[in-house]
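*Asks:* Below you'll find the structure I mean.
The values are calculated or read from the model by the stated rules, or taken from the named source; none is laboratory data. Source: prediction; values computed, not measured. Cβ sites come from the backbone with ideal geometry, for glycine too, and all protein chains shown count toward neighbours.
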């Protein structure tokens, strides 16, 4: 439901970074591919700190840390159960 709300907001304003971010989070919670929306939000507005955290948690859970562009979030002492909790 919320995903459609954010999609409508994006239709009105293609540069609405927060809507891309929120739609991406909604998709991820439904086990759908929402990382493209997270990346689009960051491409529009690099100041959305939560998007970086969400992306780090997503790639950390998928063990695709090379996508982050910096060393593994696991090397910072973040355990997988914490990553799972963040994404829930």
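*Asks:* Does at least one position in segment 13-23 carry a residue that is in contact with a helix residue (DSSP H, G or I) (Cβ under 6 Å, 6 or more places away or on another chain) and surrounded by fewer than 18 Cβ atoms within 10 Å (Cβ to Cβ)?
*Replies:* Among the residues of segment 13-23, at least one is in contact with a helix residue (DSSP H, G or I) (Cβ under 6 Å, 6 or more places away or on another chain) and surrounded by fewer than 18 Cβ atoms within 10 Å (Cβ to Cβ), which makes the answer yes.
*Asks:* Applying the selection to segment 1-15, what residues are in contact (Cβ under 8 Å) with a residue 24 or more places away in the chain and under 18 Å from residue 47 (Cα atoms)?
*Replies:* 15 - this is the single residue of segment 1-15 that is in contact (Cβ under 8 Å) with a residue 24 or more places away in the chain and under 18 Å from residue 47 (Cα atoms).
*Asks:* Sticking with this one: Which of the residues spanning segment 48-68 are in a helix (DSSP H, G or I), modelled with pLDDT of 80 or more and over 17 Å from residue 33 (Cα atoms)?
*Replies:* Listed by number, the residues that qualify are 49, 50.
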